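Worksheet: one structure, shown below.
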Amino acid sequence: MKGLKRFVLLVAVVLPMSIILAACGGESKAFWGDVTMTGTVTYIDSLVIMKHVYGELQLSAEALARADVDGDGFITSTDAYLVKLYVDGKVDSLDPNNFNIVWGDVNGDGKVDEADRTTLQEFLNGSGVAINKTNARVHIGGADRDLGGEDSTILARYLSDSYAWLEVNTLPFFIANNWVGDVNCDGVVDADDVAYLTAFHAGTQTLSLQSICNAGVKIGGAWQFMTPEFLAGYIESL
Ligand SMILES: [Ca+2]
Ligand SMILES: [Ca+2]
Ligand SMILES: [Ca+2]
């Protein structure tokens, strides 16, 4: 009962107040995506959402409200991915009211059909046709990359009913524990990953969502990124 009261209080008071504060306070205080409640949105928020998705931590009620950045009512890898895109400067806002993602709707007409596959193919062939790049990015695994053949393949499989929904391919990708430390996502954990992580900590390397997961480590009860020294020690212990 106590827990329920607390939840109701959170929803009734804290959440609306946060929204009002966010609305009044402009960009000074992050709300959407800031699940760690530090006031800013970073890759750590993306990591924490992924850890929630895979049951490695349980987000609080307020964190849950902040995490559903695509506004579909569920916390999924899509939310973590959008937070990452925001940190990378590839989307302007994490307010679900500000953007309406329709995965696979490459041409932005509100529906997903054969025309989207044709448009994506034209884009990939360098025709210069304008597309909705967020909608088009249906393959979100692997290292950071441009739109490519994987997106086209997945869209084709969806249109031919081989896939029940777009993004289904992303889920198995994030589960394997043996990816720990494989920061550059090449399938092995070695000195190259230390170099990659060093570049990330120096601010010269962005991380893919998979990299973010692979670089995460729980220290002192909180998820954070490995330091290059930590990773080097981990590799030594293998
Ligand atoms: Ca969501
Ligand atoms: Ca379309
Ligand atoms: Ca590696």
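The values are calculated or read from the model by the stated rules, or taken from the named source; none is laboratory data. Please read all numbers here as calculations on a predicted model, not as lab measurements. We place every Cβ from the backbone using ideal geometry, glycine too, and count neighbours over all the protein chains shown.
Looking across the stretch 195-215 at every residue that is in contact (Cβ under 8 Å) with a residue 40 or more places away in the chain and surrounded by fewer than 21 Cβ atoms within 10 Å (Cβ to Cβ), the one that is nearest to residue 46 (Cα to Cα) is identified as 208. Among the residues of the stretch 158-173, is any within 29 Å of residue 111 (Cβ to Cβ), modelled with pLDDT of 85 or more and not in a helix (DSSP H, G or I)? Among the residues of the stretch 158-173, at least one is within 29 Å of residue 111 (Cβ to Cβ), modelled with pLDDT of 85 or more and not in a helix (DSSP H, G or I), which makes the answer yes.
Can you spot a residue in the stretch 77-93 that is polar (S, T, N, Q) and closer than 17 Å to residue 213 by Cα?
yes
Looking only at the stretch 189-220, residues that are under 22 Å from the mean Cα position of the chain (by Cα), closer than 24 Å to residue 49 by Cβ and not in a helix (DSSP H, G or I) come to 9 in all. A single entry from 113, 45, 109, 92 fulfils the requirement of being under 16 Å from the mean Cα position of the chain (by Cα), surrounded by fewer than 20 Cβ atoms within 10 Å (Cβ to Cβ) and among the charged types (D, E, K, R): 92.
Please list, ordered by residue number, the helices (runs of 4 or more DSSP H) wholly in the stretch 57-143 having 2 or more residues that are within 30 Å of residue 160 (Cα to Cα).
77-87, 114-124, 133-136
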